[in-house]
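S.K.: Structure in structure tokens, see below.
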Amino acid sequence: MSAYAPKKDVAGPEDVAAPVVHRIRITLTSRNVKNLEKVCADLKTKAQDKKLKVSGPVRMPTKKTWITTRKAPSGEGTNTWDTFEMRIHKRLIDLLAPSEVVKEITKVSLEPGVEVEVQINDR
């Protein structure tokens, strides 16, 4: 038994739960640079319209893959070779935002050939 009356829970303005802010990393990969840059610009403008802290797009090094094949299908004749190259471009965009806002931002129309990966981390 206590001599004091039990405290009542009164919610003040500082007790209101603020949305949890996450660090979101969006990774975009594509073989076509124009499509990739267009999607990056769209994502960044949408995030800035929502007043979010945005860093990027960070241009990662381009991966180059080469395949060297013989021109002659039968293998006879002079040894002539063809070399084919594929370049894969990658961009990173970092956001500080609640996870609900990210759903709205990532609804941007994607160009063909652009792959998007979203990672949500706590701060």
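The values are calculated or read from the model by the stated rules, or taken from the named source; none is laboratory data. Nothing here was measured: the structure is a model prediction, and the numbers come from that model. Note that each Cβ is placed from the backbone with ideal geometry, even for glycine, and that neighbours are counted across all protein chains shown. All accessible areas refer to the heavy atoms of the entire protein, side chains included, with ligands and DNA or RNA removed. Shrake-Rupley method; radii C 1.70, N 1.55, O 1.52, S 1.80 Å.
S.K.: Relative to the first principal axis of the alpha-carbon coordinates of the chain, what is the inclination of helix 33-49, with its axis defined by its Cα atoms, in degrees from 0 to 90 and to the nearest 10?
M.R.: In the chain, helix 33-49 runs at an angle near 10 degrees to the longest axis.
S.K.: If the limit is 27 Å between Cα atoms, which of 63/103; 44/90; 8/51; 38/64; 34/63; 51/90 go over it?
M.R.: The pairs that break the limit, which is 27 Å between Cα atoms, are 63/103; 8/51.
S.K.: Can you put 87, 59, 25, 31 in order of accessible area, largest first, using a 1.4 Å probe?
M.R.: Ranked from most to least accessible, the order is 31, 59, 87, 25.
S.K.: Given the options 93, 24, 67, state which has the largest fluctuation in a GNM of the chain using a 10 Å cut-off (strictly under) for Cα springs.
M.R.: Per the Cα network of the chain with a 10 Å cutoff, 67 tops the list.
S.K.: Something else about it: With only Lys, Arg, Asp and Glu charged, each at its Cβ (+1 for the first two, -1 for the last two), find how big the charge dipole of the chain is about the Cα centre; round to the nearest 20 debye.
M.R.: So the magnitude is around 340 debye.
S.K.: How many Å³ per residue does the convex hull of the Cα positions in region 15-120 occupy?
M.R.: Hull volume over Cα atoms, normalised by residue count, gives 108 Å³.
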